[in-house]
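Chemist: Please find one structure pasted underneath; my questions will follow.
What follows draws every value from the coordinates through simple rules; no lab data is involved. Owing to the predicted nature of the structure, the values given are computational and were not obtained by experimental measurement. Quick reminder, even Gly has a Cβ in these numbers, built from the backbone with ideal geometry, and neighbours come from all protein chains shown.
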Amino acid sequence: MLTKTGNLLAENILDGKLVAEELHQTVSKTLQHIGTISPQKPKLVVILVGDDPASQVYVNRKAQTAVKTGMLSEVLTYPVNTTQSQLLAVIEKLNADSLVHGILVQLPLPSHIQTEAIVSAISPEKDVDGLHPFNLGRLLAGEKTALCKPCTPAGIITLLQHYNIPLAGQHAVVLGRSNIVGKPVGVLLLQENATVTYCHSKTRNMAQITRQADILVSATGIPLMITTEFIKPGAVIVDVGINRVNGKLVGDVDFNAVKDSASWITPVPGGVGPMTIATLMLNTLTLFTQQTGIKAD
Ligand code: GUN
């Protein structure tokens, strides 16, 4: 199968780039329609502290995609020695700015800044990442209305559903328990009636558990950790890892080793990453509608 860009793709690839592009077009069309009824546009502000090159790339990609889909976007960059109270003051200002609808603080933050304090300072109404404890609580409670779900977990579910991959009754094994990916993706899979097992750094006999997975979601950040030994033939493999090894991007999964035994697999890059950004666009639009009452119908 050839992609639009002429790359050769195996039949079992979960093509996040393609699905994300479709979602961007949907958001774009909605915004064009909104443009006919109001001059106001959704605005996403992305905050980056420090000079991590990977984070710089992600942040710019988020802002550029927002502009490409027809939103306003701003990247605020601060030096690595920015204090927690300086960052809190920036967030407070953005919370009070009625022209800003979504606020995202790129993670990870430098170690002298408490992530929880920052995430909790963002107004829950502008929490485009869905990482504020209030919104994580709403997610856990199963609330659906106008809730921004964390972007990577929600993007993964959208991708699986796009390819009509059954989730109900399937055994999903999640590797990782971060607030940003592992925990919420398990909750979302549970809401789709999957049977969910979490594994993490203290899990014993991990391969024995992952070999029982119908769906394996890996968010360990350990490059190429997942080899055939971890996989049941026919499993669906979702690789959240983005690791740079010898100048090349690789996931948590040894893609070439496992791709033939998986029924479906996400590539790195071009799998989960673009879905994270597409979900961010949808979330920004959701927050805009919620805050302004302006919607296309
Ligand atoms: N760092 C890596 N992924 C993400 C994300 O989805 N949101 C934020 N805020 N930081 C990230």
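Chemist: Give me the net charge for the shell around residue 215: Cβ to Cβ below 11 angstrom, other residues only, Lys and Arg +1, Asp and Glu -1.
Modeler: Values: positive: 232; negative: 192, 214.
Residues close to residue 215 contribute a combined charge of -1.
Chemist: Over segment 230-297, what relative contact order in percent results from Cα pairs under 8 Å that are six or more residues apart? Present the calculation step by step, with values, prior to reporting the outcome.
Modeler: Values: 68 pairs, mean separation 20.9, N = 68.
In percent, rounded to a whole number, it is 31.
Chemist: Further question: Full-extension gain between residue 204 and residue 228, please, as 0.36 nm times their residue separation minus the C-alpha to C-alpha distance.
Modeler: Working: separation 24, 0.36 × 24 = 8.64 nm, distance 1.80 nm.
So the extension gain works out to 6.8 nm.
Chemist: List the extent of the Cα atoms of the chain along each of their three principal axes, largest first, rounded to whole Å.
Modeler: Dimensions of the chain along the principal axes of its Cα atoms: 52, 44, 40 Å.
Chemist: Using a Cα distance threshold of under 26 Å, what count of lysine pairs results for segment 151-297 when pairs must be 8 or more residues apart or interchain? Provide the component values of the computation, followed by the final result.
Modeler: On the way: 183/202; 183/232; 183/259; 202/232; 232/259; 248/259.
Total qualifying Lys-Lys pairs in segment 151-297 comes to 6.
Chemist: Based on DSSP loop calls and a cut-off of at most 10 other Cβ atoms within 10 Å, the longest stretch of the chain free of exposed trypsin sites (Lys or Arg not before Pro) is what? Let's see the in-between values first.
Modeler: Values: sites that count: 4, 144, 202, 204.
Value returned for the longest uninterrupted segment is 5-143.
Chemist: Another question about this same structure. In the calculated pair distance distribution of segment 151-297, what percentage of Cα-Cα distances lie above 23 Å?
Modeler: The proportion of pairs with Cα distances above 23 Å equals 34 percent.
Chemist: Another question, then. Just to check I understand the Karplus step: with θ = phi - 60° and J = 6.51 cos²θ - 1.76 cosθ + 1.60, what whole-Hz values come out for segment 222-227, glycine and proline as x?
Modeler: Residue by residue, segment 222-227 yields 9, x, 6, 5, 8, 10 Hz.
Chemist: So what's the angle, to the nearest 10 degrees on a 0 to 90 scale, between helix 16-37 and the longest Cα principal axis of the chain?
Modeler: For 16-37 against the chain, the angle is about 20 degrees.
Chemist: Assuming R0 = 22 Å, what is the FRET efficiency of residue 296 and residue 145, from their Cβ-Cβ distance, to the nearest 0.05? Numbers along the way, then the final one.
Modeler: Details: r = 18 Å, r/R0 = 0.82.
It comes out at approximately 0.75.
Chemist: Can you tell me the 0 to 90 degree angle between the C-alpha axis of helix 53-69 and the longest principal axis of the chain, rounded to 10?
Modeler: Helix 53-69 and the main axis of the chain meet at about 70 degrees.
Chemist: Continuing with the same structure: Please determine, in degrees from 0 to 90 and to the nearest 10, the orientation of helix 84-96 with respect to the longest principal axis defined by the Cα atoms of the chain, where the helix direction is its Cα long axis.
Modeler: So the helix axis and the longest Cα principal axis differ by about 70 degrees.
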